[in-house]
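Structure first, commentary second.
The values are calculated or read from the model by the stated rules, or taken from the named source; none is laboratory data. These numbers were taken from a predicted model, which means no experiment stands behind them. We place every Cβ from the backbone using ideal geometry, glycine too, and count neighbours over all the protein chains shown. The area values use the complete protein model at the heavy-atom level, side chains included, leaving out ligands, DNA and RNA. Shrake-Rupley method; radii C 1.70, N 1.55, O 1.52, S 1.80 Å.
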Amino acid sequence: MPYLRARMNKILAKPIIIAVDGFASCGKSTLAKDLAKALNYIYVDTGAMYRSVTLYCMENKVDIADPKAIDAALQAINIRFERATEDASLRVLLNDRDVTFDIRTDAVNAKVSDVATIGAVREAMVKQQHTYGVDKGLTMDGRDIGTVVFPEAELKLFVTASTDVRTQRRYDEMIAKGMEADFELIKANLLERDRIDSGRAISPLRRAEDAVLIDNSDLSRQQQLEVALRLAELAAKGGSDLSE
Ligand code: CDP
């Protein structure tokens with residue numbers, strides 16, 4: 001695809017923040033990662049941060065209904081991202097332990113949205129997320145990036161796809177990683193997380209008014225990247241009304 005090749009590692013008119021939000025397993029992180037690679041930007045997966053807090057609470061039997069226990073847990077938690085030397089993939093470190101794989105299990109999937117409703121958890125995660133945006137040149141994906149974390153982001157994308165497409169993608173991803181996968185179980189979890197994420201009182205998942213909607217049900221990975229790169233170019237030049 002010549003358009004993409006010509007723009008690989010393209011320097012935009014100025015460094016920007018690209019916020020990518022959307023429903024569970026809609027391809028947000030794939031898009032945010034591909035954008036970061038094409039633009040030579042930092043990529044931050046905020047879902048991995050909420051997943052890491054969840055894993056810590058599960059492993060340490062933290063009573064998530066007890067605010068004191070949550071505060072103590074947050075004090076004890078250190079989350080870092082690191083590039084693997086072998087293949088440059090992004091690793092998630094929880095207190096220096098590689099949890100990249102452990103945070104994607106069904107058990108964590110089942111609990112993460114409850115942990116993500118807790119105000120103190122969100123406050124701590126958002127504080128850390130802000131530090132990544134200081135120099136711009138950032139793509140960040142999650143649920144509240146365009147609405148709460150970086151409401152001033154130059155480009156906001158809201159990604160969506162049909163439930164069956166999302167379920168199939170998560171199923172394929174788990175099988176590829178050698179994990180056990182059950183289509184109906186995955187589907188039920190995605191819908192339940194969307195329900196909790198959209199309905200919570202603090203920072204609910206919603207499309208920011210100025211976010212561009214990308215339904216990628218019928219788009220290939222390359223096509224969605226191409227669309228987003230065009231938008232990034234416009235945003236870096238100060239383009240307005242991108243959401244129209
Ligand atoms: O990859 P997937 O769409 O399955 O989920 P994720 O991005 O890893 O996020 C896992 C969960 O973390 C979500 O279902 C939300 O409950 C929570 N989350 C959040 O509340 N706010 C964010 N910015 C990111 C994730």
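Close amide-amide hydrogen proximity is noted between LEU155 and ILE17, ALA19, each under 5 Å apart and 5 or more residues distant or on a separate chain (H modeled in the peptide plane; Pro and chain starts excluded).
Taking only alpha carbon atoms, region 61-188 gives an Rg to Rh ratio of 0.97, where Rh is the Kirkwood radius. With θ taken as phi - 60° and the Karplus curve 6.51 cos²θ - 1.76 cosθ + 1.60 applied, the whole-hertz 3J(HN,Hα) list for region 74-85 is 4, 5, 8, 9, 10, 10, 9, 10, 9, 8, 6, 5 Hz, x standing for glycine and proline. Mean separation of Cα pairs under 8 Å and 6 or more residues apart, divided by the residue count, gives region 1-116 a relative contact order of 20 percent.
Rg and Dmax of region 113-204, both derived from C-alpha coordinates alone, stand at 15.4, 42 Å. A dipole drawn for the chain from +1 and -1 charges on Cβ atoms has a positive end, and of GLN222, ALA236, SER89 the residue lying farthest that way is ALA236. Computed from point charges on the beta carbon alone (+1 for Lys and Arg, -1 for Asp and Glu), the dipole magnitude for the chain about its Cα centre is near 500 Debye. Accessible surface computed residue by residue for the chain, with neighbouring protein chains in place and a 1.4 Å probe, gives 49 Å² per residue.
Among beta bridges from DSSP that stay inside the chain, the antiparallel ones total about 30%. Gain on full extension, evaluated as 0.36 nm per residue between ILE11 and LEU93 minus their Cα-Cα distance, stands at 26.6 nm.
Across region 168-182, coupling constants 3J(HN,Hα) worked out from phi with the 6.51/-1.76/1.60 Karplus curve, θ = phi - 60°, read 4, 5, 5, 4, 4, 4, 5, 4, 4, 8, x, 8, 6, 9, 10 Hz, and Gly and Pro carry x. Annotation: peptides 132-139, 154-161, ranked by per-residue average of other Cβ atoms within 10 Å with the highest first, follow the order 154-161, 132-139. Each residue of region 200-216 was assigned a 3J(HN,Hα) from its phi angle through the Karplus expression (A = 6.51, B = -1.76, C = 1.60, θ = phi - 60°), giving 5, 6, 9, 6, x, 5, 7, 6, 5, 4, 9, 7, 8, 7, 10, 8, 9 Hz with x at Gly and Pro.
Mind scanning LYS68/LYS127; LYS14/LYS127; LYS68/LYS111 and naming the pairs with a C-alpha gap bigger than 22 Å? The pairs that break the limit, which is 22 Å between Cα atoms, are LYS14/LYS127. Taking all protein chains together, SER220, SER203 sort by accessible area into SER220, SER203, largest first [probe 1.4 Å].
Of the Cα atoms belonging to the chain, the radius of gyration and Dmax stand at 17.5, 55 Å. The local environment of ALA65, defined by Cβ-Cβ distances under 14 Å, has a net charge of -1 under the rule Lys, Arg +1 and Asp, Glu -1. Its relative contact order, with pairs defined as Cα atoms under 8 Å and 6+ residues apart, puts the chain at 32 percent. In this structure, the pairs whose alpha-carbon distance is over 20 Å, taken from LYS33/LYS156; LYS37/LYS177; LYS28/LYS237, are LYS37/LYS177; LYS28/LYS237. In the chain, the portion of solvent-accessible area held by carbon and sulfur atoms comes to 51 percent [1.4 Å probe, whole percent, DNA, RNA and ligands not counted].
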